[in-house]
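Everything on this sheet refers to the single structure shown next.
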Amino acid sequence: MGCISSKHVVAGACSPAPTVGRDVAVVPSSKVHSSLLPLDSKSSLEENKNSKFNKNASKKSSGSFSFRIGFVQRHVEAEQNAAGWPPWLTASAAEAVQGWIPLKADSFQKLDKIGQGTYSSVFRAREVETGRMFALKKVRFDNYQAESIRFMAREITLLRRLDHPNIMKLEGIITSRMSNSIYLVFEYMEHDLAGLVSRPDIVFTDSQIKCYMRQLLSGLEHCHVRGIMHRDIKVSNILLNNEGILKIGDFGLANTISPNNKHQLTSRVVTLWYRPPELLMGATNYGVSVDLWSVGCVFAELFLGKPILKGRTEVEQLHKVFKLCGSPPEEFWKKTKLPHATMFKPQTNYESSLREKCADFPESAVGLLETLLSIDPSNRGTASSALISEYFNTKPYPCNPSNLPKYTPSKEMDAKSYEETASRKKTGDKMREAATSKRQQKRNHKEQSNYGKSTSKENISQNTRKDDGKASFSKGKGGSMLKDHSKTSMDAMLETSQKFNVADGNGYTVPVQGGSNEYSWTKRRKQEASSILSDGSRSKISALDPNFAKETYDLTKQRVSMDFNPKELMNAQGKKEDQGAYWNDGVRRAARKSRFGRDI
Ligand SMILES: Nc1ncnc2c1ncn2[C@@H]1O[C@H](COP(=O)(O)OP(=O)(O)OP(=O)(O)O)[C@@H](O)[C@H]1O
């Protein structure tokens with residue numbers, strides 16, 4: 001956070017416990033890396049392991065080792081609590097906040113709500129000291145449940161591993177020793193792609209789409225190279241600022257890649273419209289290619305102005321996938337071990353209709369889209385190979401982000417309210433029509449029975465107006481959103497405020513996935529580009545190298561390895577998955593018609 005006046009960091013686990021904002025080491029955020037910290041919980045554990053445990057592998061030393069682990073952990077926790085972190089957080093997820101100190105609620109003035117997710121509410125806030133805008137994401141979790149805390153902390157831990165201009169940077173965390181809630185602090189972004197795509201007045205040009213896609217794939221390449229898959233790429237999680245910079249946000253479902261598919265992952269990730277076929281069929285060992293499928297869906301949506309695969313249920317979604325991309329042959333269905341495959345086998349075989357559907361897209365775009373939307377995950381290539389594909393090397397080239405138009409702030413929430421208004425209007429129109437025709441019938445009947453008596457037109461029009469007002473409207477997609485009523489003292493503080501501190505940290509891992517043999521029926525695409533990064537350098541580890549993450553699984557070896565979709569918990573509590581809401585109307589259709597010369 002460049003303009004933050006003072007940045008503090010916990011000096012290290014072995015230093016005397018600091019007090020917030022006073023006896024702590026002051027280190028510029030850009031220079032604070034976990035490697036610079038004298039000792040963190042993980043390294044101290046590793047150190048102990050090497051020196052004590054491995055060298056003298058006796059039962060005695062093993063006992064003393066666990067004693068030391070316990071001691072070090074308690075020491076770290078005590079120090080973090082002294083730094084201002086709440087005990088419920090340090091007890092379950094100390095590594096997530098290691099090296100940082102919490103920001104104070106009174107450093108920010110909370111303004112309007114700008115986003116509502118399944119398990120979070122996002123607010124715009126002003127940093128009191130600098131006047132700079134931030135987005136504060138209040139994450140919902142149960143602080144009495146260690147597991148719930150750890151999954152919330154996973155988002156923090158993974159975000160701290162990433163450092164790229166196209167990834168939303170976690171600037172700090174607001175909480176306090178006495179607090180039972182947490183706000184993640186991000187730089188404020190004026191738009192998300194859901195908001196822009198849903199606007200009837202916006203039709204992206206080819207070079208603008210290329211500019212967005214290049215940034216999206218660059219951010220994703222960074223995640224994948226660091227061994228992280230996002231697992232919820234969709235238009236509402238792609239944020240944009242007024243300088244045309246795109247950042248991937250919402251790492252709430254992200255996880256590290258499981259090397260050699262050692263760990264089972266949940267298939268219940270990725271929002272339905274962006275979910276790849278293998279997850280719909282219940283795959284539990286998958287890799288970064290799930291994100292590439294979602295990128296394909298976003299790519300098509302940028303051209304079409306609406307989601308390309310908009311199923312209402314998992315069955316319908318997969319059916320739409322097969323109709324668009326072609327269904328696998330008999331051989332696949334015989335061989336597959338995907339848990340729900342037989343359940344989803346279509347009765348008819350479908351040929352791909354993608355080229356037909358995208359006939360108006362530029363040829364190189366269709367080529368890339370076909371790769372990204374391959375049923376076989378191993379045919380999707382990588383973010384790196386997409387970035388050096390023909391699409392980016394043919395005219396029109398991507399425009400410069402700073403040349404993208406400046407839009408008025410547009411968010412998924414705005415799209416939802418457009419949709420609500422549109423659906424209200426539609427329902428209202430229908431009800432009005434029904435009411436009018438009923439009244440007309442009644443009137444005709446009355447007129448027939450009172451033939452010769454006068455009918456007051458004024459009365460009829462008055463009744464119509466009254467009915468308009470009374471119409472009960474469907475709630476629309478926004479109705480499924482969670483309302484956050486849990487107002488804490490921190491929330492109250494955020495509404496009136498003063499100043500703040502922040503620090504930084506990092507941690508690394510490595511890349512990519514191996515192919516799945518479920519799909520051996522498909523033709524393999526060339527993979528040689530998969531280990532070449534977009535900047536021309538070679539990834540040290542090839543996407544096809546099964547050893548790619550052997551020594552890079554530290555994080556998942558620890559507690560974050562448990563896979564889970566926290567949103568499912570919310571859904572299980574009666575809250576429906578929110579697919580995001582979009583609207584279509586004549587204006588946008590007309591704009592697209594003029595772009596493509598036909599209605600698509
Ligand atoms: N840094 C930011 N700046 C501006 N708006 C943001 C920012 N981060 C998030 N938002 C807005 O808040 C919305 C929800 O944020 P986010 O996706 O992180 O929450 P979530 O609870 O994980 O949502 P979901 O359940 O839909 O995945 C985003 O779609 C976006 O419109």
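The values are calculated or read from the model by the stated rules, or taken from the named source; none is laboratory data. These numbers come from a predicted model, not from an experiment. Reconstructed Cβ throughout: ideal geometry from the backbone, glycine too, with neighbour counts over all protein chains shown.
Key figures
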| quantity | calculated |
| --- | --- |
| Residue check for F67: of a type in the set (F, W, Y), modelled with pLDDT under 70 and touching a helix residue (DSSP H, G or I) at 6+ places or on another chain (Cβ under 7 Å) | no |
| Test: residue in segment 232-240 that is over 14 Å from the mean Cα position of the chain (by Cα) and under 30 Å from L279 (Cα atoms) | no |
| Total residues in segment 147-170, condition touching a Phe, Trp or Tyr at 6+ places or on another chain (Cβ under 7 Å) and assigned to a helix (DSSP H, G or I) | 8 |
| Residue match in segment 135-146 (condition: away from the ligand (no atom under 14 Å from the Cβ), out of contact with any helix residue (DSSP H, G or I) (no Cβ under 6 Å at 6 or more places or on another chain) and either closer than 16 Å to G252 by Cβ or not in a strand (DSSP E or B) (or both)) | yes |
| Condition met for E171 (in contact (Cβ under 8 Å) with a residue 24 or more places away in the chain, over 30 Å from P86 (Cβ atoms), within 14 Å of the ligand (Cβ to nearest atom) and among the acidic types (D, E)) | no |
| Neighbours by Cβ (under 6 Å, 6+ apart or cross-chain): first from segment 299-326, under 22 Å from A283 (Cα atoms); second modelled with pLDDT of 95 or more and among the basic types (K, R) | L309/K320; G311/K320 |
